[in-house]
Every structure is written in C-alpha cells, then in structure tokens.
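Everything on this sheet refers to the single structure shown next.
Nothing in this text is a laboratory measurement; each read-out follows from the coordinates by a stated rule. No experiment lies behind these values; they were computed from the predicted model shown. Glycine also receives a Cβ, built like all others from the backbone with ideal geometry; neighbour counts cover every protein chain displayed.
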C-alpha cells in the first residue's frame, strides 16, 4: 500500500463572459505559480486546479514543475471550440476534450456552442504506480461510475478520479460521488472547484456577475474517528457517508496524505485505514502568500 501527498487548489477565477478566457491572465499565472512553488516545497505528488484555470501560456511552467509532481491543470477553450483539460506529468503534457457539456457550454461561447469530445480513454499511471483518470466537471457526473468500475488492461481498477470543476452546484457532484462510492469504495474521487467566479464584460472590463462556489472535496475510505474530528472542524459532512473532506468556501489549499491503492483487484474493501494520515489547510492571500489555518 502506497501513500501519496495531494494538494487541492480552490482558487478564484475571472473569466471573460462570452469566451471563458482568463481575464486577468498575468495575475492568474502568478497565483498558479505561487501554488506550484508552495506544493513543490511541500513535496506534493499530485496537485489539482479548477476547470477553466489553464491557458496555453502556462504550458512551460507546468512542464518545468511536472518532473516533481503530477499537475491536473484545469482546462481552457481551444481554438476549435473544445473544453480541453491539461495534465502535466514527468515532463509531458496529456489532454482530453470534455465530453458532456453543461447548459452554459451548450449556449454561446466564442459565438458557437462548444464541441463534445469522443469516448473517454485517458488512464494514466502516476507516482508509486497509482492509476488515475481525469473527468472534467459534468463528465464526472455522467461517467464516474463507468470509469470507477472499468477494468484496466492489467486487470486492476482505477485508484483515483480527479475532477476539475467550475460548478455552481457542488452538492450535485457530492451526491453523485457519494452514490458512486457506495458501488465501489476502494478508490478516491478528488473534486476541485473554484472558490468564486467573476464574469467580466470583455469590452468594458466591468463585472457582469460574481458568484461563490467552493465545495472542493475528497471521497473514499477513511477512519471513522478522523471523520468525526473533521466534521467538528467543519471540514467534512455527516450527510455524505463516503465524504472524507470538504472545503465549503474561500481561497484555500488543502494538503493531505492518502493511502493508495487499497486492493487493486477488488471492488470493495471493508478495512478502513487511518485515512487521511495528515491534513493541512492554508488560506491563499491576495499577495499569493499562504497562512496556515489547520
């Protein structure tokens, strides 16, 4: 049984209303780089950012950091109108096109509705032989059960599903994750949402809307005493039996250590481990410094 160290970056986004391109790109890149440097100092194995938090100008930064950690880098709208999720691992870039689009994505973005990707086939092997997939936002809602139960070529099952989201209803995804983990409990779902979303009028620079989301979360096996402590700290929720951690609001980085894989060839395991074995929670300040809260 291996142990991985994970960082979830629940950060704010400013997006141009009709294109969903990052509006304040220079400031955004500085924030992402600060998070990556922070994670590198923490010797993180996997780091995840929200949907729409990537821009192609960030590719070199991701590549330079990806020899030390796997980066689930969020997504962007490509020139051919796909929602493309980017993963940087071991000096290489991997990507997939989102398949199940949200109602907003089916409306006007860049003058046309987005294109849907093809069948899902992105299964990667990360540090310590951990097998993982990435399902962007609504793809998690539609495909997570199939991906969790899909037997891989070596006969094993996936260990982690990462899900970058920009989602105004995190409870919907919590419901789906909780139900999916009833069917197979010996893997993790790692969901990373934005802390807030400002939509900007690109011509005037004025704020069209400002919404708060949060709800980044981890689902999987845990030790019951640790869950009780997390509930007391308002870092988990008794309404979801399979939830380990939940970031309700705010600009945060959650750092935690998890044991994986449990039992690669089994769909269920009733042996609850001492999970998570460590937890640190940091506030991300406006000047891209980090204050520890827990």
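From Cα pairs below 8 angstrom and at least 6 apart in sequence, can you work out the relative contact order of the stretch 123-200, rounded to a whole percent?
30
Using mean Cβ contacts within 10 Å as the protection proxy, how do 193-199, 99-105 order, highest first?
Per-residue mean Cβ counts within 10 Å order the peptides as 193-199, 99-105.
In percent, what relative contact order does the chain have, based on Cα pairs under 8 Å that are 6 or more apart in sequence?
Working: 696 pairs, mean separation 58.3, N = 294.
With pairs under 8 Å counted, the relative contact order is 20 percent.
Please give, to one decimal in nm, the separation of the simple spin-label points placed at residue 80 and residue 278, each 7 Å out from Cα toward the Cβ.
So the label points at residue 80 and residue 278 sit 4.3 nm apart.
Against the longest principal axis of the chain, how steep is helix 138-149, in degrees 0 to 90 to the nearest 10, with axes from Cα atoms?
On a 0 to 90 degree scale, this one is about 30.
Once you wrap a convex hull around the alpha carbon atoms of the stretch 102-211, what is its projected area averaged over all directions, in nm²?
With every direction weighted equally, the projected area is 8.7 nm².
Cβ neighbours within 10 Å, averaged per peptide: list 68-81, 217-230 in order, most packed at the top.
Most protected by this proxy first, the peptides run 68-81, 217-230.
In nanometres, what is the gap between the two model label sites at residue 201 and residue 40, each 7 Å from Cα along Cα-to-Cβ?
Inter-label distance under the simple model: 4.1 nm.
Cut-off is 10 Å between beta-carbons; in what order do 241, 22 appear when sorted fewest neighbours first?
241, 22
Mind checking the angle between helix 25-41 and the chain's longest principal axis? C-alpha axes, 0 to 90 degrees, to the nearest 10.
So the helix axis and the longest Cα principal axis differ by about 20 degrees.
With only alpha-carbon pairs counted, each pair once and no self-pairs, how large is the Kirkwood hydrodynamic radius of the chain in angstroms?
It is 19.0 Å.
In nm, what is the difference between 0.36 nm times the number of residues separating residue 239 and residue 90 and their Cα-Cα distance?
Gain in length upon complete extension: 49.8 nm.
Taking the Cα-to-Cβ direction at residue 30 and at residue 184 and moving 7 Å from each Cα, how far apart do the two end points lie in nm?
4.4
How would 256, 59, 289 line up from fewest to most surrounding beta-carbon atoms within 10 angstrom?
With the sparsest Cβ surroundings first, the list reads 289, 59, 256.
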